[in-house]
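One structure is given below, encoded as structure tokens.
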Amino acid sequence: MHDSLIRKFCESRYRWAIVSTATALFALLVLLPLVDEFFDKRMSRTDLASRLETARRTAEQLPAFEKQVAGVREQLGAFEARTIDEAGLAGFRSRMVDAVRESGCQIRRFEVSPPAQRPWMDPDSPLAETQPNASAATPFLLERRNVVLAVDGAMSAVQELLARLEKEQCLSHPRRLNMQSVTGTGEAVTLEMELWLFALVRKSA
């Protein structure tokens, strides 16, 4: 029976078509999974190579990022050193008293008000009395303290005091300055000035 089937197949004029079709089907069944696996691995390797390249570029940029962060921290430290918050208020008072005495003046009045606070916006100005419109909120509050200082002394002593205060380099704004002669000749004067001291503090959670 088997010999008869084989003989009929060999004598059939469609035997080559049958063989070709069977060969093609076998190739599809065997090769298609291999092709899919090949392309999957190729895509995986391409993705891995892309990730490695991204990681390499990031690693190359790290020194520049670290340098930039260090620069920002340095600027922030210099800025914070110039602000007068609650922690730095005692030191500010002491420096002001020393400046008055060392310049040869006498204190008539020295007052520091409690801080007034408002949200610090972006952009913003510490001299603005109200919050600017169309500004974005920040996690900081602006603190402002009013300082009133009145002294008596010779004109040269008052000039020396003003020079010392100018070197203070704190974040301040001279709100008001008034000078009057005590003797009428201008040799002795009274100086009264109002300063605004500023500080930025982080909002409490």
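So the values come out like this:
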item	result
Per-region count, region 153-187, residues crowded, with 16+ Cβ neighbours inside 10 Å and more than 30 Å from ALA81 (Cα to Cα)	2
Any hit, region 161-170, residues being assigned to a strand (DSSP E or B) and not polar (S, T, N, Q)	no
Single condition SER135 does not satisfy, out of (1) small (Gly, Ala, Ser); (2) surrounded by 17 or more Cβ atoms within 10 Å (Cβ to Cβ); (3) over 30 Å from THR183 (Cα atoms)	(2)
Unique match (being β-branched (Val, Ile, Thr) and farther than 22 Å from GLN169 by Cα) among THR138, THR83	THR138
From the options ARG82, ARG108, residue that is within 25 Å of ALA163 (Cα to Cα), of a type outside the set (S, T, N, Q) and in contact with a Ser or Thr (Cβ under 8 Å, 6 or more places away or on another chain)	ARG108
Hits in region 146-180 - residues which are of a type in the set (Lys, Arg) and out of contact with any Asp or Glu (no Cβ under 9 Å at 6 or more places or on another chain)	LYS167
Given (1) assigned to a helix (DSSP H, G or I); (2) touching a residue at least 60 places away in the same chain (Cβ under 8 Å); (3) of a type outside the set (A, V, I, L, M, F, W, C), number of the condition SER94 does not satisfy	(2)
Candidates ALA137, ALA128 - the one that is assigned to a loop (DSSP other than H, G, I, E, B), under 23 Å from the mean Cα position of the chain (by Cα) and modelled with pLDDT under 90	ALA128
Neighbours by Cβ (under 7 Å, 6+ apart or cross-chain): first from region 164-179, touching a residue at least 40 places away in the same chain (Cβ under 8 Å); second of a type in the set (Gly, Ala, Ser)	ARG164/ALA99; ARG164/SER103; LEU165/ALA99
Residues of region 194-205 classified as more than 18 Å from PRO126 (Cβ to Cβ) and not in a loop (DSSP other than H, G, I, E, B), total	0
Positions within region 66-115 being among the basic types (Lys, Arg), loosely packed, with under 11 Cβ neighbours inside 10 Å and at pLDDT below 90, in sequence order	LYS67, ARG73
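The values are calculated or read from the model by the stated rules, or taken from the named source; none is laboratory data. Predicted, not measured: the structure shown is a model, and the values here were computed from it. For neighbour counting, all protein chains shown are included, and Cβ atoms are generated from backbone atoms with ideal geometry for every residue, glycine included.
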